[in-house]
Amino acid sequence: MSAAHFDIAVIGTGVNGAGIARDAAGRGLKTLIVDQGDIAAATSQWSTKLIHGGLRYLEYYEFRLVRESLAEREVLLRQAPHIVEPLSFVLPHEPHLRPAWMLRAGLFLYDHLGKRETLHASFAVDLQRSRWGAGLKPQFRKGFVYADARVDDARLVVLTAMDARAHGADVRTRTALASARRERSAEGPFWRISLRDAAGDEVAVTATTLVNATGPWVKVVRDALNGAPSVENVRHVKGSHIVVPRVHDGEHAYILQNADKRIVFVIPYAGRYSLIGTTDVPVVEFEKPEITPDEVDYLLRLANTYLAKPLGRADVKWTFSGIRPLYDDGKSDPSAITRDYTFKLDAPDGGAAVLSVYGGKLTTYRKLAEHALDALAPHLPSMKPRWTEPAVLPGGDLPPGGRAAWPDEVVKRYPKLPVETVRGIARRHGTRALGILGDAKTPADLGEDFGQGLTAREVDALVRDEWALTGEDVLWRRTKCGLGMIDAARARVDAYVAKCTSALAATA
Ligand SMILES: Cc1cc2nc3c(=O)[nH]c(=O)nc-3n(C[C@H](O)[C@H](O)[C@H](O)COP(=O)(O)OP(=O)(O)OC[C@H]3O[C@@H](n4cnc5c(N)ncnc54)[C@H](O)[C@@H]3O)c2cc1C
């Protein structure tokens, strides 16, 4: 076999592929992970950004998924406290939609089904006489509060890929799977793989096993690898969000019930904004999802049913849409299709194995990775035992006081630097913030200031350590500084990143 041989080659650096690569590398497997785009280039950056048990999945009897998700909230709060934080949700009671006994029963299950160590239990509230009803119409009197968590989704994937690299994985972005075919040597079956890099050049590697973690592309890639169409299908269900100026005071989120039985979240976002979503629209075209005017109106209409100050189209500052790559379990209602993940392992006639991943949540990605490697274990006998549960992601080793205290702790260490810039770096990078700020003493030491808390010094680190190659990678995935930035500032970021990447290429 050629020198570039891997035990496992993972196609797709969304949350699931990155999680599998991290776990595999830490188990001593020689690991390759590639993505045709940037890290978190597809579904994993367009989520509702929740680490949640999925209260509404209880109505669809998804107990396995909810139990696993509830337990994973605590694991992720511990592994990445800089980018995962607890969030309380207020559910206004609407007796004609779901009776109070049903909500109480659901929340009781939610409190007790999975491990809950740090998050608070649910409780009932008077919305009119407490802060929990901020921003709502006065007619909403009674509500329930429960706890989940939120995450910076794209950064979760980036940090997971960084940890994979720290454990020895070879991470290649802008590198697509061009083709792969099964072969056999004296040592056993293997894959001969052709990758296409950003320059269009084909690179050959071999691997004992393949993981198809291509999200919405899972069926296309699986069928190409097996040279035959699979029976299993993937349902592409679009979910869209709108971002509006902040609609209520307070740090809690709302979970709003609609007459169609769906729910929509209203979540404080990026300081000054509220994130409202999502929709559930089955689609055929899934490559470049975009919100439609109907979806905008649906979200505005539902929000306005509850909010005291009505929102209009002009309030929508940003929108984004993602595709749920759901395993087709034959349900016609897009909201009822299982949100759980499913694996399909193909190794026909004892040939090389490929594991295809259908579905999955950000919340369950670590457990999904463990289960994926269990499924591949017979093909990878040298694999070491599980290790990720007690581990932390890069920058997550915060001192006592955790996320609440860390940004101010960093501000104290850098008293002459702009407070909001330092806080932003501390939140995004956790303890790695100290390495980025380094010996900076004055604002000038941070280099060009692009606004929204982004400076040249942080961009340097994103290009050097986090595979950022374009302004978009920096503004919308490694950070969300693009939100609220004027076009001219974005153009300056584009130009600066281009300068950094060519300087890096010259030294490579
Ligand atoms: C609207 C919406 C809201 C959601 N909200 C939440 C939430 O709040 N909480 C939660 O836990 N989950 C949520 N989810 C679910 C979660 O986001 C997804 O399940 C998860 O991100 C899927 O990750 P993935 O790695 O499987 O796929 P993706 O993130 O789509 O990654 C697949 C990758 O494969 C790459 N790829 C494809 N083909 C090739 C090829 N030939 N060569 C190389 N690379 C290739 C793509 O570029 C892509 O980067 C939400 C999903 C949606 C759509």
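Applying the criterion of being small (Gly, Ala, Ser) and within 15 Å of the ligand (Cβ to nearest atom) to the residues of region 193-203, the residue that is nearest to Glu466 (Cα to Cα) is Ala198. When Ala149, Ala180 are screened for being assigned to a strand (DSSP E or B), closer than 26 Å to His52 by Cβ and within 16 Å of the ligand (Cβ to nearest atom), only Ala149 passes.
A quick yes/no check of all residues on (1) over 25 Å from Leu398 (Cβ atoms); (2) at pLDDT 95 or above; (3) of a type in the set (Ser, Thr, Tyr); (4) in contact with a Ser or Thr (Cβ under 8 Å, 6 or more places away or on another chain):
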{"residue": "Met1", "(1), (2), (3), (4)": "yes, no, no, yes"}
{"residue": "His5", "(1), (2), (3), (4)": "yes, yes, no, yes"}
{"residue": "Thr13", "(1), (2), (3), (4)": "yes, yes, yes, yes"}
{"residue": "Leu29", "(1), (2), (3), (4)": "yes, yes, no, yes"}
{"residue": "Val34", "(1), (2), (3), (4)": "yes, yes, no, yes"}
{"residue": "Arg64", "(1), (2), (3), (4)": "yes, no, no, no"}
{"residue": "Leu76", "(1), (2), (3), (4)": "no, yes, no, yes"}
{"residue": "Ala80", "(1), (2), (3), (4)": "no, yes, no, no"}
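Within region 329-350, can one find any residue that is at pLDDT 95 or above, within 14 Å of the ligand (Cβ to nearest atom), in a helix (DSSP H, G or I) and in contact with a Leu (Cβ under 9 Å, 6 or more places away or on another chain)? Within region 329-350, not a single residue is at pLDDT 95 or above, within 14 Å of the ligand (Cβ to nearest atom), in a helix (DSSP H, G or I) and in contact with a Leu (Cβ under 9 Å, 6 or more places away or on another chain). On inspection, Ala18 does not qualify as near the ligand (Cβ under 9 Å from one of its atoms), farther than 21 Å from Pro381 by Cα and either in contact with a Leu (Cβ under 6 Å, 6 or more places away or on another chain) or part of a loop (DSSP other than H, G, I, E, B) (or both). Selection of first residues in region 238-259 that are in a loop (DSSP other than H, G, I, E, B) and of second residues that are away from the ligand (no atom under 16 Å from the Cβ) and among the aromatic types (Phe, Trp, Tyr), restricted to Cβ pairs under 8 Å at least 6 apart or on distinct chains, gives the following pairs, ordered by first then second residue: Arg246/Tyr273; Gly250/Trp132; His252/Trp132.
Taking region 114-139 as the range and being in a loop (DSSP other than H, G, I, E, B), within 16 Å of Leu307 (Cα to Cα) and within 29 Å of the chain's Cα centre (by Cα) as the test, the residues that pass are Ala134, Gly135.
Selection over region 359-387 of residues that are within 16 Å of the ligand (Cβ to nearest atom) and either closer than 18 Å to Asp163 by Cα or not in a loop (DSSP other than H, G, I, E, B) (or both) gives a count of 13. Picking from residues in region 474-501 that are of a type in the set (Gly, Ala, Ser) and in a loop (DSSP other than H, G, I, E, B), the one that is surrounded by the fewest Cβ atoms within 10 Å (Cβ to Cβ) is Gly484.
Scan region 154-164 and tell me whether some residue there is within 13 Å of the ligand (Cβ to nearest atom), modelled with pLDDT of 95 or more and in a strand (DSSP E or B). Within region 154-164, none of the residues are within 13 Å of the ligand (Cβ to nearest atom), modelled with pLDDT of 95 or more and in a strand (DSSP E or B). Restricting Phe144, Phe190, Phe140 to those that are in contact with a Lys or Arg (Cβ under 8 Å, 6 or more places away or on another chain), more than 15 Å from the ligand (Cβ to nearest atom) and closer than 30 Å to Val266 by Cα reduces the list to Phe144.
Remark: pairs (first residue in region 132-146, within 21 Å of Pro245 (Cβ to Cβ); second residue basic (Lys, Arg); Cβ separation under 9 Å; 6+ apart in sequence or on different chains) = Gly133/Arg141; Gly135/Arg246; Gly135/Lys309.
Going through (1) part of a strand (DSSP E or B); (2) under 28 Å from the mean Cα position of the chain (by Cα) one by one, Val203 falls short only on (2).
The set of residues in region 499-508 that are within 16 Å of Ala456 (Cβ to Cβ) and more than 26 Å from the chain's Cα centre (by Cα) comprises Lys499, Cys500, Ser502, Ala503, Leu504. The residue list Ala440, Ala444, Ala495, Ala489 contains one member that is touching a strand residue (DSSP E or B) at 6+ places or on another chain (Cβ under 6 Å) and farther than 25 Å from Arg165 by Cβ, which is Ala489.
Which one is nearest to the ligand (Cβ to nearest atom) among residues in region 28-53 that are surrounded by fewer than 22 Cβ atoms within 10 Å (Cβ to Cβ) and over 19 Å from Arg478 (Cα atoms)? Applying the filter and picking the extreme gives Lys30.
I need every pair where a residue in region 335-358 that is closer than 19 Å to Val211 by Cβ has its Cβ under 6 Å from the Cβ of a residue that is more than 16 Å from the ligand (Cβ to nearest atom) and in a loop (DSSP other than H, G, I, E, B), sequence separation at least 6 or different chains. These pairs meet every condition: Ala353/Ala347.
Counting only residues that are β-branched (Val, Ile, Thr), assigned to a loop (DSSP other than H, G, I, E, B) and in contact with a helix residue (DSSP H, G or I) (Cβ under 7 Å, 6 or more places away or on another chain), how many does region 268-301 have? Summing the residues that are β-branched (Val, Ile, Thr), assigned to a loop (DSSP other than H, G, I, E, B) and in contact with a helix residue (DSSP H, G or I) (Cβ under 7 Å, 6 or more places away or on another chain) in region 268-301 gives 1. Given the structure, is Arg104 within 27 Å of Arg131 (Cβ to Cβ) and touching a strand residue (DSSP E or B) at 6+ places or on another chain (Cβ under 7 Å)? Against the criterion (within 27 Å of Arg131 (Cβ to Cβ) and touching a strand residue (DSSP E or B) at 6+ places or on another chain (Cβ under 7 Å)), Arg104 does not qualify.
The values are calculated or read from the model by the stated rules, or taken from the named source; none is laboratory data. Because the structure is a prediction, the values reported are computed rather than measured. Cβ atoms come from the backbone with ideal geometry, glycine included; neighbour counts cover every protein chain shown.
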